[in-house]
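Undergrad: Quick one: structure below, then a few questions.
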Amino acid sequence: MAHPLYVAFIWHQHQPLYKSCVTGKYHLPWVRLHGVKDYLDLILLLERYPKIHQTVNLVPSLILQIEDYVAGKAIDPYLAQTLTPEDQLTTEQKEFIIHHFFDAQHHTLIDPHPRYADLYAQRQEKGEAWCLEHWQPQDYSDLVMWHNLAWIDPLFWDDPEIAAWLVQGRNFTLSDRQRIIAKHRDILARILPQHRKMQESGQLEVTTTPYTHPILPLLADTQAGRVAVPKMPLPKERFQWSEDIPRHLQKAWEIYESRFGLAPRGLWPSEQSVSPAILPYVAEQGFQWLCSDEAVLGWSLKHFFHRNESGNVYEPELIYQPYRLETPQGDLAIVFRDHRLSDLVGFTYSAMEPQAAATDLVGHLDAIAQTLTQRQSSQSPELEQPWLVTIALDGENCWEFYEKDGIPFLESLYSQLSDRDDIRLVTVSEYLDQFPPRATLPADQLHSGSWVDGNFTTWIGDPVKNRAWELLTDARLTLAQHPEATEEANPKVWEALYAAEGSDWFWWFGEGHSSNQDAMFDQLFREHVAAIYQSLDEPVPEALHHSLEPHETLANHRPQSFIHPVINGIGDEQDWDHAGRIAVAGARGTMHKSSPIQRLWYGLNHLNFYFRFDFQVGKRPGIDFPPELHLFWYYPGQTLHNSPLPLADVPNTAPVNYAFHHHMGIHLLNGAVWLEQAGEYHTWQGRSHHIQTGLDQCLEIAVPWADLHVQPDWPLEILAVLATDAHFVEYLPEDALIPLQVP
């Protein structure tokens, strides 16, 4: 029997609990803003393509907060400022508005709207202090209005009132702002009914997540962190409260049943984190399937998924099928997402032309089907087995980087796939109903890990993360010493515990991730933990009154996520917000000449790797510093030709006396760019390339991976050199190479 290639998209919709368990107030607006931009439009657009079936995961903490906004019970600070008459704003409120009401991706949400873009330019070019001194009440009114208007998804711009506001552009009143908040509530009110309607029609499957999005394996035992990282530093006190797992699952189950009129079948474990310890609880609650990441499958099978230059796996039959997990409480099915395809949608396609991006994704699916067909024992040109490709990712944050919130991309993708008989998009449950797992993965063989590199280092192991776990452990022990505080007798203490056990706080603590709201996440975590003590009439520990870490911008740090900068030499702060950063100028100390390069930024996505060089103010290439910049890189552990620097006067010291595989040069005066690859006998051979450069306020460079013909997951190390007429002058950063890794 011939089969199409089955594809399951799973969109994960999640926001942490922004409502303080101490004050009952909402600290951040992201449930409301993503609610009007991302949750409803995604499935309304899908409804236009009835052949396309998909799965959406709604986290219980998100559902409850949406309902609070619909009921008028949620007032976040952004909402409060929106409804304050502009002539009554205090200085503190004005400062808040100037600082926070541009919290949006400016390329897609601010720049398309002239009035909003003009206010943004004033803040960026003249500074917040200037705005505070010169802005009039109308400026604040317009800014607040545009912040709320720009976040509304373009799918709703045909609403007559919204369309009129978009045309009006300025001179908005308090009445306008009141009405736009009413629009927000109207859109939010449609989210859950629309999901239920489409699930009942069969086009959508809705799944759930443990109540407040905790990392279940770490609730069972923080020692789980050492499965993937044996020498991981752990908190002083071991958190080991597996009895909290069924509580989170039961509450999620009950919320789901009450909103959707039936029992859930699928579970999205928070951060796709799984371990053998959690499986009995998942099965006993009644869930039938769960999902995780290919890294977890790879660890479980002791297999590394090698990919070709296009990023397609060589062993597709291992990843593109569900597995059976046998537990005493019943069997579970588990699907593992294709990490790269998921990341392409989440991080890369937003930087491409929408139709080209959609065509690229369909091309990957075609390549998967072709590889599976070629690996069949028969010569049949059609698939003989029902394979399932799982693409699972965050369903909200990525669209902010897409043109028109992803509508052109999704329309192109759905149009192409709706016309295909050899590719069929399904919900996970409808696939499992027809094709139960053929392969069994022993439950005790399931790896303990998450979607992030198959480990838990994002949530534990860092000193600050560990300190947070210690505070949580102390509070949990205090609760255990109050047997009278049952969920029926003292629901507040348990709600505070569940909120504190959420994964998001640990995500932002310590190294690895940062945002302009780190201090607020720190405060929310401490308030949730403090509420445990308050609900028990116990004294709140002094440590909970102080931040766990100073919330300052680090001078040097590694890349925090994929970046997608516009290469124009402007150095847009949002474009490089998550890039790695190295302070260079003066770093060599008083005994060395200060470098003309002040800062170096670096990062990557699936298309390119990127560099940005910030020059010291007033320094000019060819006059104040050398006119040539060279990048050299090699690939540790790979057997390749490598050659020394093709420059004169190179010192015989590390790392400039190393041999490298690729060399890119740029002449900063005439704009010439060239790419070379090392050949035999320490030679260099020119290569064609599509390198982009931009030189204005800084130098920005994008080097396509496609120009390099390298394999996924290869590490590379990079050196930057300044030169004059091919004569070495200096290198940076000092005594080091810059590490990256091919995605």
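We did not get these values from a lab; they are worked out from the coordinates using the rules stated. Because the structure is predicted, anything quoted here is derived from the model rather than measured. Quick reminder, even Gly has a Cβ in these numbers, built from the backbone with ideal geometry, and neighbours come from all protein chains shown.
Undergrad: Is region 119-246 rounded, prolate or oblate when judged by the Cα gyration tensor, a ≥ b ≥ c being the square roots of its eigenvalues, rounded requiring a/c under 1.5 and prolate requiring a/b larger than b/c? Before the final figure, lay out each step's value.
TA: Details: a/c = 3.69, a/b = 1.60, b/c = 2.31.
Verdict is oblate for region 119-246.
Undergrad: Next question, about the same structure. Using DSSP, restrict attention to beta bridges with both residues in the chain and report what percent are antiparallel, rounded to the nearest 5. Mind dumping the intermediate values first?
TA: Values: 64 of 94 bridges.
If I count the DSSP bridges inside the chain, around 70 percent turn out antiparallel.
Undergrad: For a quick check: sort M352, M664 by the number of other beta carbons within 10 angstrom, fewest at the front. Intermediate values should be presented prior to the final figure.
TA: Working: M352 19, M664 23.
So the residues, fewest neighbours to most, are M352, M664.
Undergrad: Oh, and also: Check each of the trypsin sites (Lys or Arg not before Pro) in region 570-672 and keep only those in coil by DSSP with at most 13 other C-beta atoms within 10 angstrom; list them in order.
TA: Values: sites: R581, R588, K593, R599, R612, K619; in loops: R588, K593, K619.
In loop regions of region 570-672 (DSSP not H, G, I, E or B), the sparsely surrounded trypsin sites (Lys or Arg not before Pro) are K593.
Undergrad: Fewest first, what order do E628, E284 take by the number of other Cβ atoms within 10 Å?
TA: Details: E628 22, E284 14.
Least to most surrounded, the residues fall as E284, E628.
Undergrad: Let me ask you something else. In sequence order, what are the phi-derived ³J(HN,Hα) couplings for region 725-732 according to the Karplus relation 6.51 cos²θ - 1.76 cosθ + 1.60 with θ = phi - 60°, rounded to whole Hz, with x for glycine and proline?
TA: Calculated HN-Hα couplings, in order: 6, 6, 10, 4, 10, 7, 10, 7 Hz.
Undergrad: Considering amide H positions built from the backbone, and no H for Pro or chain starts, which residues 5 or more places from R599, or on another chain, come under 5 Å of its amide H?
TA: V584, A585, D614
Undergrad: To the nearest 500 deg cm²/dmol, what mean residue ellipticity at 222 nm is calculated for the chain from DSSP H runs of n ≥ 4 alone, each contributing -39,500 (n - 2.57), summed and divided by the residues?
TA: Values: 24 runs with 252 residues, N = 743.
Helix-only estimate at 222 nm: -10000 deg cm²/dmol.
Undergrad: Please tell me the relative contact order of the chain in percent, rounded to the nearest whole number, where contacts are Cα pairs under 8 Å and at least six residues apart. Don't skip to the answer; put the middle values down first.
TA: Values: 1358 pairs, mean separation 102.8, N = 743.
Relative contact order, the chain: 14 percent.
Undergrad: Compute the separation of the alpha-carbon centres of region 534-568 and region 157-174 and state it in Å as a whole number.
TA: Answer, in whole Å: 37.
Undergrad: Could you put M232, M1, M145 in order, starting from the residue whose Cβ has the fewest other Cβ atoms within 10 Å?
TA: On the way: M232 19, M1 7, M145 26.
Starting with the residue having the fewest Cβ neighbours, the order is M1, M232, M145.
Undergrad: For region 279-294, take each phi angle, set θ = phi - 60°, evaluate the Karplus expression 6.51 cos²θ - 1.76 cosθ + 1.60, and give the result in whole Hz per residue in order, putting x for glycine and proline.
TA: After applying 6.51 cos²θ - 1.76 cosθ + 1.60, I find 4, x, 5, 5, 5, 5, 5, x, 5, 9, 8, 9, 10, 8, 9, 4 Hz.
Undergrad: Rounded, prolate or oblate: which fits region 332-377 when a ≥ b ≥ c are the square roots of the eigenvalues of the alpha-carbon gyration tensor, with rounded for a/c under 1.5 and prolate only if a/b beats b/c?
TA: Working: a/c = 3.65, a/b = 1.40, b/c = 2.61.
Taking the square roots of the gyration eigenvalues as a ≥ b ≥ c, region 332-377 is oblate.
Undergrad: Further, regarding this structure: Order these peptides, 362-370, 706-714, by their mean beta-carbon neighbour count within 10 angstrom, highest first.
TA: Working: 362-370: 17.7, 706-714: 15.7.
Highest-to-lowest ranking by the protection proxy: 362-370, 706-714.
Undergrad: Amide H neighbours of H53 under 5 Å, counting only residues 5+ apart in sequence or on other chains, H built in-plane at 1.01 Å?
TA: Distant-sequence amide H within range of H53: L425, V426.
Undergrad: Now for a separate question. Exposed loop sites here are chymotrypsin sites (Phe, Trp or Tyr not before Pro) in DSSP loop states with at most 16 other C-beta atoms within 10 Å. What is the longest stretch of the chain lacking them?
TA: 315-657
Undergrad: In terms of modelled amide H atoms, which long-range or inter-chain residues lie less than 5 Å from the amide H of G395?
TA: Amide H to amide H, under 5 Å and 5 or more residues apart or across chains, G395 pairs with H12, Q13, H14.
Undergrad: Take the alpha-carbon centre of region 284-302, take the same for region 453-495, and report the distance between them in whole Å.
TA: 25 Å
Undergrad: So which GluC sites (Glu not before Pro) in region 162-258 pass both tests, a DSSP loop state and at most 15 other Cβ atoms within 10 Å of the Cβ?
TA: On the way: sites: E200, E205, E237, E243, E254, E257; in loops: E237, E243.
Here the GluC sites (Glu not before Pro) that fit, given the DSSP loop and packing criteria, are E243.
Undergrad: Also, I was wondering about something else. For region 715-720, in order, what is each residue's ³J(HN,Hα) by Karplus, 6.51 cos²θ - 1.76 cosθ + 1.60 with θ = phi - 60°, in whole Hz (x at glycine and Pro)?
TA: Here the 3J(HN,Hα) series is x, 9, 10, 10, 10, 10 Hz.
Undergrad: Something else: Which of the lysines could a cross-linker bridge to K465, judged by Cα under 30 Å and excluding same-chain residues fewer than eight apart?
TA: K19, K25, K231, K236, K251, K302, K492
Undergrad: Rounded, prolate or oblate for region 463-545? Axes are the square roots of the Cα gyration tensor eigenvalues, ordered a ≥ b ≥ c, and the cut-off for rounded is a/c under 1.5.
TA: prolate
Undergrad: Let me ask you something else. At a threshold of 8 angstrom on Cα-Cα distance, excluding pairs fewer than six apart, so keeping six or more, what relative contact order does region 109-165 reach in percent?
TA: Values: 20 pairs, mean separation 19.3, N = 57.
Once divided by the residue count of region 109-165, the mean separation gives 34 percent.
Undergrad: Could you tell me the center-to-center distance, by alpha carbons, between region 1-30 and region 73-119 in angstrom?
TA: Going from one Cα centre to the other spans 25 Å.
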